[in-house]
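The values are calculated or read from the model by the stated rules, or taken from the named source; none is laboratory data. This one's a predicted model, so the numbers in the text were calculated from it and none came from an experiment. Don't worry about glycine lacking a Cβ; one is built from the backbone with ideal geometry, like all the others, and counts go over all protein chains shown. What goes into the accessible areas is simple: the full protein's heavy atoms, side chains included, and nothing from ligands, DNA or RNA. Shrake-Rupley method; radii C 1.70, N 1.55, O 1.52, S 1.80 Å.
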Amino acid sequence: MKYFRLSQDAVKALADTYSTPLLVLSLEQIELNYKLLAENMPDVKIYYAIKANPDERIIRKLDTLGGYFDVASDGEMRMLNQLGIDSDRMVYANPVKTNSGLKVAHDVGVHKFTFDSESEIEKMATATPGGTVLLRIRVDNPHALVDLNKKFGVHPDEALELLTKAKAAGLDVAGLCFHVGSQSTSSEAYIAALKSCRKLFDAAKGLGMQLHILDIGGGFPIPTLTEEPDVAQMAAAIYKVIRQYFPDTEIWAEPGRYICGTAVNLITQVIGTKVRNNQQWYFLDDGLYGTFSGVIFDHWDFELETFKTGKTIPATFAGPSCDSLDIMFRDKHTVPMEIGDLILVPNCGAYTSASATVFNGFAKTQIVVWEEVYKAIQAKLELATAG
Ligand SMILES: *Cc1c(COP(=O)(O)O)cnc(C)c1O
């Protein structure tokens, strides 16, 4: 699969026009990603987990494609509400909700929730009597990059008791959910979770509870430096098992990184060079407190395309702030560079700008939409070749 990737000429023209650092978002890539998942998992409702990249233009695009949204806070619900997204299209999928989150859910009419503890039942029943709830089950997945099951999900042995208590509290006990962990490169964990959920659906039926929704969460992967997962094949394999075990159940998925990860490229430039302790250092105009926040929050290793060929050296890459924590990579192999050299960072859309800060007075990196600026950039490139 070919993902959105700017050419060297486009990188130069964009840097000339907008200066750096600059994030370039392709809404066409967002659409392709959404459709690939939708085609391989027909009739699965796709709830985009907006925490991965809450850019308004991504949300509008997914809204026009008929998407749904996974939200986790008062701010996310308010934002979608202001964009005109119907509250029926949102699930408040944070197992431990804040008071203001519950209040906003009530005010804007969000009535679908997930939970994984007894203490949450009364909170939901009080804020939204009769609300629709899914119980989050813990699943173990050694293949995930970020293991969300350390923080969330009940052991299947405790599930029936919590479902029963939620029902007694007057909630609409509708089903189960799980999250196999972020960047899961195999369908195995999903399939194991599906089997475990089937057993719980049957056991719940025995107790008089007709579960009818299953939410398989997020975790679908994006390409890494060493691996390009085949998401179409993975989704199709998972879907086959879904329909085998849950022929009539309403199925939801909550992809985050997969939808937005490949749709954004970063253009950054070398603003300083030095040699320290016998290693070459490069300072870039975007750093760990900015777009590269994914190095910390998402344990991500980014590809740096320098458009140079030749012998590589191990180098340290640091960001522009005055904090010594602001180092993205050590011993990263690169062709030697100079001040002013531009670097393209592809697959930069998930857990990057979403977790960027304005620490030290560096503004968040501007985001332009490729399909909106393309024509002007193209004209510039043609002028350059003509001249
Ligand atoms: C973060 C999150 C997601 C999205 O995870 P990805 O790995 O980005 O796909 C989905 N569901 C829940 C509940 C989450 O917290």
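Structural remarks
- Number of the exception - residue 27 against (1) touching a Lys or Arg at 6+ places or on another chain (Cβ under 7 Å); (2) over 29 Å from residue 286 (Cα atoms): (2)
- Summed over the range 268-295, residues that are modelled with pLDDT of 95 or more and assigned to a loop (DSSP other than H, G, I, E, B) total 6.
- Here 192, 236 are screened, and the one residue that is in contact with a helix residue (DSSP H, G or I) (Cβ under 9 Å, 6 or more places away or on another chain) and away from the ligand (no atom under 16 Å from the Cβ) is 236.
- Selection over the range 201-231 of residues that are more than 16 Å from the ligand (Cβ to nearest atom) and either outside any loop (DSSP other than H, G, I, E, B) or of a type in the set (S, T, N, Q) (or both) gives a count of 8.
- Scope the range 239-260; condition of a type in the set (Ser, Thr, Tyr) and more than 16 Å from the ligand (Cβ to nearest atom); matching residues: 239, 245, 249
- Within the range 204-234, being small (Gly, Ala, Ser), open to solvent by less than 40 Å² (accessible area, probe 1.4 Å) and more than 17 Å from the chain's Cα centre (by Cα) holds for 204, 232.
- Across the range 140-165, the qualifying residues are those that are of a type in the set (Gly, Ala, Ser) and within 11 Å of the ligand (Cβ to nearest atom), and the one among them that is nearest to the chain's Cα centre (by Cα) is 144.
- Counting residues in the range 337-350 that are open to solvent by 40 Å² or more (accessible area, probe 1.4 Å) and touching a residue at least 40 places away in the same chain (Cβ under 8 Å) gives one or more.
- When each of 22, 65 is tested for being free of Cβ contacts under 8 Å to residues at least 60 places away in the same chain and in contact with a helix residue (DSSP H, G or I) (Cβ under 8 Å, 6 or more places away or on another chain), the lone residue that passes is 65.
- Scan of the range 49-81 for residues that are within 15 Å of the ligand (Cβ to nearest atom), over 23 Å from residue 222 (Cα atoms) and among the aliphatic types (A, V, I, L, M), ordered by number: 77
- Residues within the range 146-190 that are open to solvent by 70 Å² or more (accessible area, probe 1.4 Å), under 28 Å from residue 349 (Cβ atoms) and in contact (Cβ under 8 Å) with a residue 12 or more places away in the chain, tallied: 1
- Residues in the range 166-185 that are within 23 Å of residue 220 (Cα to Cα) and more than 17 Å from the chain's Cα centre (by Cα): 175, 176, 177.
- Taking the criterion of being open to solvent by less than 60 Å² (accessible area, probe 1.4 Å) and either assigned to a helix (DSSP H, G or I) or in contact (Cβ under 8 Å) with a residue 60 or more places away in the chain (or both), the residues of the range 244-261 that qualify are 249, 251, 252, 253, 254, 255, 256, 257, 258, 259, 260, 261.
- The range 119-139, residues that are within 14 Å of the ligand (Cβ to nearest atom) and open to solvent by 90 Å² or more (accessible area, probe 1.4 Å): 138
- Scan of the range 359-385 for residues that are assigned to a helix (DSSP H, G or I), in contact (Cβ under 8 Å) with a residue 24 or more places away in the chain and closer than 18 Å to residue 265 by Cβ, ordered by number: 370, 371, 373, 376, 377, 380, 381
- The range 338-373, subset of a type in the set (S, T, N, Q) and farther than 17 Å from residue 225 by Cα, residue farthest from the ligand (Cβ to nearest atom): 360
- In summary, residue 113 fulfils each of the numbered conditions (1) in contact with a Pro (Cβ under 6 Å, 6 or more places away or on another chain); (2) within 30 Å of residue 60 (Cα to Cα) with the single exception of condition (1).
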